[in-house]
Structure formats: structure tokens, C-alpha cells
Amino acid sequence: MLPHEKISQTLRDARVGGRVPMVAFITAGFPRADMFQEHLREVCRHSDVVELGVPFSDPMADGVTIQRASHKALESGVSVRWILEQLEQMSPPPEAPILLMSYLNPLLAYGLDALAERARKAGVCGFIVPDLPLEESGPMLQSITSQGLALVQLVSPVTPPERIGKLCAASTGFVYAVTVTGITGGAAAAAENMLDYLDTVRASASIPVCAGFGIRSAEQVSRLSPHVDGVIVGSALVEVMEKGGSIGEFLDSLQPA
Amino acid sequence: MPVELIETPQNEDLLRRLIDGSLPDQFGRYGMFGGRFVPETLVPALERLEQGMREHMDTEDFREELRGQLHNWVGRPTPLSPAPRLGDAWGAEVWLKREDLAHTGAHKINNSIGQALLAKRLGVKRIVAETGAGQHGVASAAACARLGLPCRVYMGEIDIERQAPNVDRMRRLGTEVFTVTTGDRTLRAAIDEAIRDWVSDPKDTYYLLGSAIGPHPYPLLVQRLQAVIGEEARAQMLAVTGELPDIAVACVGGGSNAIGLFHPLLGDRSIQLLGIEAGGRGNALGEHSATLSHGTPGVLHGNYSMLLQDANGQVQETHSVSAGLDYPGVGPEHALLKTIGRVQYGVIGDDEALDALNECCRLEGILPALESAHALAGARRWARENPGKRILIGMSGRGDKDMPTLRTLPI
């Protein structure tokens with residue numbers, strides 16, 4: 001199975017009983033670089049797919065929580081190279097499929113071909129690049145598809161319907177349906193038209209659709225559940241980690257009772 | 001001195017396409033530079049803006065309205081002043097294109113009023129803008145007041161402290177000034193924050209970007225609105241002297257005033273073009289903001305251009321005595337113009353710029369902005385190497401705003 005198929009299959013398999021498949025985001029090396037492997041293992045035990053955030057100096061799509069985490073991780077010396085080294089050191093490897101979520105520039109600086117090759121060897125299954133719209137993704141796609149890795153496309157509530165189809169067709173791993181018009185960590189809307197939008201995305205996609213941005217309660221998760229194949233939790237988890245709370249307890253608490 | 005165009009067929013072709021308007025291409029590319037690297041949420045907004053430019057900017061109605069505002073409110077055309085005493089001192093014939101005499105004190109107003117007119121036609125409900133030194137913020141505040149549009153300006157905490165008079169000006173003009181306490185708390189963080197605001201309401205909010213940077217179509221939009229500088233200067237030079245200058249010199253931060261002066265002169269191959277970046281305190285990363293001279297290619301604020309970054313692709317802090325040049329990126333058209341050799345780019349440090357500022361004050365009775373002083377110093381250096389030439393300098397703004405900084409520096 002190719003790495004990108006592993007992501008899709010894991011999400012499909014995770015839908016058992018009332019359980020909602022969960023994609024968990026953490027900023028790599030936050031709050032402590034020396035605890036990274038331990039934190040990652042705990043996240044893997046309580047979620048199905050993990051997004052590792054690569055810190056960037058100018059995170060323009062992120063709210064204050066991830067900005068703060070990103071800044072702190074950079075101060076601790078976290079980089080693409082550091083993250084890959086950490087993953088290479090982990091034995092046994094992390095239990096859940098892993099994606100790197102990064103703004104484009106740190107990936108360009110590493111070199112796209114070298115990155116794709118090393119990432120696959122380190123067990124990474126795909127990438128999410130929030131400032132790389134489909135029209136600009138040619139070079140990135142070329143590098144990572146040759147390694148069988150996923151490039152997850154994001155769709156937003158303001159994406160026109162015909163564009164949604166194009167993005168869903170181009171996406172691999174899963175489709176990232178952004179649930180708010182705005183930055184990460186904002187107040188999530190789950191108004192009726194939001195559910196209609198999610199239904200539209202899902203109808204256009206042949207791979208799982210996961211909803212993210214602003215998700216922080218079991219109540220939200222259960223309302224979204226019939227309309228998506230998984231939910232993504234990011235800022236809320238980073239906040240729990242920032243306060244030293246329990247990763248496992250928090251992630252488990254998001255599952256509908 | 002001949003223009004040092006690197007004459008490969010490929011570079012010739014890129015220059016020809018830049019001049020005839022077929023660059024940027026449909027993807028917003030200037031050769032390898034430019035593009036549109038933004039979150040998906042902003043893609044429809046940028047497509048609407050691009051379509052709006054096509055629908056409105058070339059109509060006689062829009063052009064008439066813009067011409068009227070530029071003439072009756074901005075005070076255009078701005079004069080082309082001979083600078084005979086500077087000329088004597090340098091051994092050259094010196095002409096200054098006086099954007100410092102435009103309303104609100106700098107070239108920024110050309111762009112702000114133009115984009116505000118466009119925004120109004122697009123039917124948006126509010127404007128957001130970023131500012132570093134405060135000049136683009138003041139220009140946008142004034143343009144929004146003029147057209148009755150609500151405006152919010154993002155400004156870094158550090159810039160708010162060092163540019164207090166401009167903060168007060170913006171507030172009096174009815175604009176809400178929002179203090180940015182994240183990131184580097186200067187221009188770069190203000191742009192990040194303005195983009196975050198815009199992402200949250202891309203339908204009803206218009207982002208009035210102040211420099212020739214950002215995702216397509218902003219670099220093109222800003223170039224078109226600032227081209228009035230070069231078009232006027234070219235016509236004025238011909239009217240007064242009957243000839244074109246040997247060289248045109250402008251300072252480059254993001255590069256809006258320089259692209260405004262240079263773009264209309266690109267086809268005049270006899271005119272050498274020289275952009276001057278801020279050398280700050282030295283050549284080490286973090287000590288300057290000379291992006292084209294010391295940077296490497298990368299993506300920041302929505303476009304692929306040259307960038308001051310470390311080996312991991314993290315954008316670096318910059319320094320210049322001039323807040324308007326203190327930016328780690330540069331517009332994609334400049335990156336192309338450097339690559340193909342049509343424009344040369346030099347570096348002037350804080351001290352040399354300050355010395356040129358003082359000289360211009362003493363000899364011509366003009367207080368230039370610290371930004372423009374970099375162009376003066378670059379022109380002076382060139383004049384000494386190339387005696388007896390006719391030099392056109394883009395005087396991008398006036399230095400009144402710099403008095404808090406200048407008070408701490410020698411006369």
C-alpha cells in the first residue's frame with residue numbers, strides 16, 4: 001500500500017461503532033523539544049492520523065495559539081531536518097500515519113526532491129501545505145507523488161462548487177475541509193449552510209473528507225460526524241499541551257459519548 | 001556607460017514581454033518569480049480582484065475618476081526639480097522627481113487612492129491595510145476618508161512607538177489603528193496580521209496592500225498605479241531638457257516607488273536603471289534589508305521572490321534606519337529585472353544615507369525621507385564614478401515623518 005493510501009485506509013478503518021476518526025495536529029517540538037517523541041506516541045495512541053506542524057516564522061493562516069507554539073518551537077531549534085531526524089530515531093516507528101503540515105518556504109529551503117525521498121524513508125505519509133493552492137502545486141506534486149506520498153488539498157466555505165470538485169479530485173490521503181472562513185483556532189461555525197457545504201465536499205470526493213479549524217468539543221464532533229469521515233483537532237490540542245494537560249484524556253473526551 | 005543587459009535571447013524575450021504587458025502571465029509569474037501562494041480561502045478573493053482590475057481599470061470612467069483625484073486631491077503632476085547645487089557637488093546634472101510633494105508626503109498615495117477607488121467599485125464594505133513607517137497607513141486612511149470607506153490599519157507595536165505622529169494622523173483621519181503584538185512587531189508582522197483579518201472575511205473586506213509585493217495580482221496592480229511616477233518624469237524630462245536621463249535611481253524596500261519610476265522607462269534602453277537597497281549597519285544577516293543583493297529565492301506573503309532567510313527557510317529579521325525599507329522580501333518584478341540584468345541594484349548603509357540626507361537639506365532646501373536618502377546616496381556614488389551625466393532621482397517621500405529618528409542623529 002502506498003503511503004497516501006495508508007492515510008485514506010486508516011481513516012476508513014477507524015470508523016467503528018460510534019467512533020469518529022480523529023486527525024490530531026501538534027506543533028513539532030512544542031511545548032518541549034526533548035519530549036517530542038513521547039508526546040507523539042501519546043497522540044498516536046489516542047488518534048488515527050497525526051499532523052506534525054513544522055514551525056514557520058510567518059504563519060499567516062494561523063491564530064494566536066499556533067503562532068505562539070510555532071515561535072517557541074523555532075526558538076528550540078525545530079526545523080524540517082530536526083523533525084525528520086526525530087522520526088528516524090523512533091523505534092518502533094510511530095503507530096499512526098504521519099503528515100507534515102508546513103508552509104511552503106521551509107520545504108523549498110530543504111529541497112523538494114530530497115525532502116520527499118527522506119520523508120518517505122522516515123515514515124511520513126504525506127504533506128499539507130496551507131499556502132500552496134492547487135495552481136502552484138505542480139513542482140511539489142511531482143516530487144512527492146514519485147514517492148507515493150499524499151498532498152492534501154484544502155477546501156474552504158468560500159470555495160466555489162466547481163473548484164471544490166477540482167480540489168477533491170487532486171487531493172490524496174484525505175480532503176481537508178476548512179470549517180471556518182478564517183484562521184486556525186477561530187470560533188467554529190456549524191450552521192446549517194456549513195453542513196450543506198460539507199455534504200457538497202463529501203459528494204465530490206472519492207477519498208475521506210475531514211473537517212478542521214476551530215474544533216474543540218465532543219458536541220461539535222457529534223454534530224459534524226454524519227457529514228464527514230473524520231475531524232481534525234489542532235489549536236485546542238496545542239492549548240492543552242501548552243497548559244500541561246493530558247493529551248490522551250483530551251483527545252478521548254472529543255469522542256461522542 | 002552602456003546598459004549592462006545580459007543579452008541572451010531568453011532575457012531579451014522576458015524584457016520584451018514585461019514591456020508589452022504579457023508578463024506577468026496568467027499565473028502572475030514574472031519569469032520564475034511571482035505567483036499566488038495563499039490559503040485556499042483567499043483564492044476566490046484574488047480571482048475577484050483580478051477580474052475587477054480587468055473590468056474597471058481600463059474603462060474611461062475609472063481612469064477619469066482616478067485622474068481627477070490625482071490632479072485635484074493628490075496634487076499631481078508632481079514637479080521635476082533641477083538640483084543644481086547637488087549637481088555641482090557631484091559633477092553631474094541632477095533632477096529630482098518630487099513625490100515628496102504629493103498629498104500625505106510620499107508616493108504611497110498614488111496606490112492608496114487608486115486601490116480605494118477600485119475597492120469601492122468592487123462593492124466591499126471595509127478596507128484593511130498594513131503599515132511600517134506609517135506612510136502607507138496615512139495614505140490609506142486619507143484615501144478611505146476621501147471615499148467614505150471604513151479602514152483599519154495594522155501596525156507593529158515597535159513601529160507605533162517610533163512613528164507616533166503618523167499614528168495620530170491616521171486616527172484623526174478616521175482610521176482604526178490596530179496594534180500588532182505578534183511576530184517581529186514591525187511591518188512583516190503587520191502584513192501577516194492584515195492577511196489574517198482578510199482571510200476571516202474575504203468577501204466584504206478589501207486588503208489594500210502598500211507595496212509591489214504579495215500574491216498576484218497585487219504586484220501588477222501596484223505597479224500600474226505607481227507608473228504615473230515614471231510616465232510623468234519621462235515626459236517632464238523631455239519637455240524641459242529635450243532628452244532622456246542617462247540613469248534613473250530609486251530606493252527599493254518592497255519596491256513600489258522604484259517599479260513606478262522604472263517600469264515606464266524599461267523600453268528606453270539608453271537609460272540605465274539603478275535600485276538602491278538598505279545596507280543598514282553591515283553585511284551580516286539581520287543587519288540590513290538588502291534582499292536582492294544578499295537574499296535567496298523563497299516564498300513570503302504570497303509570492304515567490306528573493307528573501308532574507310536562513311538555511312531552514314525561516315524569514316530573518318532585518319535592519320535599516322529607514323522603516324520603509326526595513327522588509328525581508330522584495331517585489332517579484334524587481335527579482336526578474338535583476339535576473340535579466342535590466343536594472344542594477346546597489347546597497348547603501350545607514351550612515352551614507354544620512355549623510356546624503358543632510359547634504360540635500362543644505363544644498364537644495366529639501367528634507368528627503370530616509371528611504372529617498374538611500375537613492376540620493378546611491379546616485380551620488382554613481383555620479384562620482386561616471387562624471388558629467390544626467391541623473392534622474394526618485395524622491396519618494398519627505399522626511400518630516402523621520403524627525404523623531406533624525407533628532408537622535410548628527411546634523
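The table below lists the values:
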read-out: Test: residue in the range A:121-130 that is out of contact with any Leu (no Cβ under 7 Å at 6 or more places or on another chain), within 14 Å of chain B (Cβ to nearest Cβ), at pLDDT 95 or above and not in a helix (DSSP H, G or I); value: no
read-out: Residue list for the range A:69-93, filter: within 8 Å of another protein chain (Cβ to nearest Cβ) and in contact with a helix residue (DSSP H, G or I) (Cβ under 8 Å, 6 or more places away or on another chain); value: A:SER79, A:VAL80, A:ARG81
read-out: B:GLY91, sole failed condition from (1) on the phi < 0 side of the Ramachandran plot; (2) in the same structural domain as B:ARG234 (by TED's automatic domain parsing); value: (1)
read-out: Meets criteria (assigned to a helix (DSSP H, G or I) and either acidic (Asp, Glu) or touching a Lys or Arg at 6+ places or on another chain (Cβ under 6 Å) (or both)) for A:GLU95; value: no
read-out: The range B:39-58, subset without any contact (Cβ under 8 Å) to a residue 24 or more places away in the chain, within 14 Å of chain A (Cβ to nearest Cβ) and not β-branched (Val, Ile, Thr), residue nearest to A:ILE164 (Cα to Cα); value: B:GLU40
read-out: Filter result for the condition that a residue is surrounded by fewer than 24 Cβ atoms within 10 Å (Cβ to Cβ), within 19 Å of B:GLY298 (Cβ to Cβ) and modelled with pLDDT of 95 or more, over A:SER70, A:SER79; value: A:SER79
read-out: Single residue of the range A:25-39 satisfying the filter (surrounded by fewer than 23 Cβ atoms within 10 Å (Cβ to Cβ) and aliphatic (A, V, I, L, M)) that is farthest from the other protein chains (Cβ to nearest Cβ); value: A:MET35
read-out: Any hit, the range A:142-155, residues being within 12 Å of another protein chain (Cβ to nearest Cβ), touching a residue at least 24 places away in the same chain (Cβ under 8 Å), surrounded by fewer than 24 Cβ atoms within 10 Å (Cβ to Cβ) and part of a helix (DSSP H, G or I); value: no
read-out: Pair list, Cβ < 6 Å and 6+ apart or interchain, from the range A:78-93 residues that are under 21 Å from A:ARG68 (Cβ atoms) to residues that are of a type in the set (Ser, Thr, Tyr) and surrounded by 13 or more Cβ atoms within 10 Å (Cβ to Cβ); value: A:VAL80/A:TYR110
read-out: Any hit, the range B:61-75, residues being hydrophobic (A, V, I, L, M, F, W, C) and not in a helix (DSSP H, G or I); value: no
read-out: Index of the failed condition, A:GLU51 passing every other in (1) within 14 Å of chain B (Cβ to nearest Cβ); (2) buried (at least 22 other Cβ atoms within 10 Å of the Cβ); (3) among the acidic types (Asp, Glu); value: (1)
read-out: Which numbered condition B:ALA116 misses (of (1) in contact (Cβ under 8 Å) with a residue 40 or more places away in the chain; (2) touching a Cys at 6+ places or on another chain (Cβ under 8 Å); (3) of a type in the set (Gly, Ala, Ser); (4) within 21 Å of B:ASP400 (Cα to Cα)); value: (4)
read-out: Candidates B:GLY329, B:GLY302, filtered to the one that is on the phi > 0 side of the Ramachandran plot, within 14 Å of chain A (Cβ to nearest Cβ), surrounded by 22 or more Cβ atoms within 10 Å (Cβ to Cβ) and at pLDDT 95 or above; value: B:GLY302
read-out: Residues (within 24 Å of the chain's Cα centre (by Cα) and under 15 Å from B:ASN303 (Cα atoms)) located in the range B:36-46; value: B:ARG36, B:PHE37, B:VAL38, B:LEU42, B:LEU46
read-out: Candidates B:GLU287, B:GLU359 - the one that is touching a residue at least 12 places away in the same chain (Cβ under 8 Å), away from chain A (no Cβ under 14 Å) and part of a loop (DSSP other than H, G, I, E, B); value: B:GLU287
read-out: Matching residues, the range B:143-159, being more than 20 Å from the chain's Cα centre (by Cα) and of a type in the set (D, E, K, R); value: B:ARG146, B:ARG152, B:GLU157
read-out: Answer residue from the range B:24-38, given it is under 20 Å from A:TYR103 (Cβ atoms) and surrounded by 21 or more Cβ atoms within 10 Å (Cβ to Cβ) and is farthest from the other protein chains (Cβ to nearest Cβ) among those; value: B:PHE33
read-out: When residues of the range A:236-257 are limited to those that are polar (S, T, N, Q) and over 23 Å from A:GLY29 (Cβ atoms), the one surrounded by the most Cβ atoms within 10 Å (Cβ to Cβ); value: A:GLN255
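To keep it simple, each residue is scored yes or no on (1) touching a His at 6+ places or on another chain (Cβ under 7 Å); (2) among the small types (Gly, Ala, Ser).
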site	(1), (2)
A:ALA177	no, yes
A:ASP199	yes, no
A:GLU242	no, no
A:LEU251	yes, no
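The values are calculated or read from the model by the stated rules, or taken from the named source; none is laboratory data. Not measured: the values here are computed from a predicted model. Neighbour counts are summed over all protein chains in view; Cβ atoms, including those assigned to glycine, are modelled from backbone coordinates with ideal geometry.
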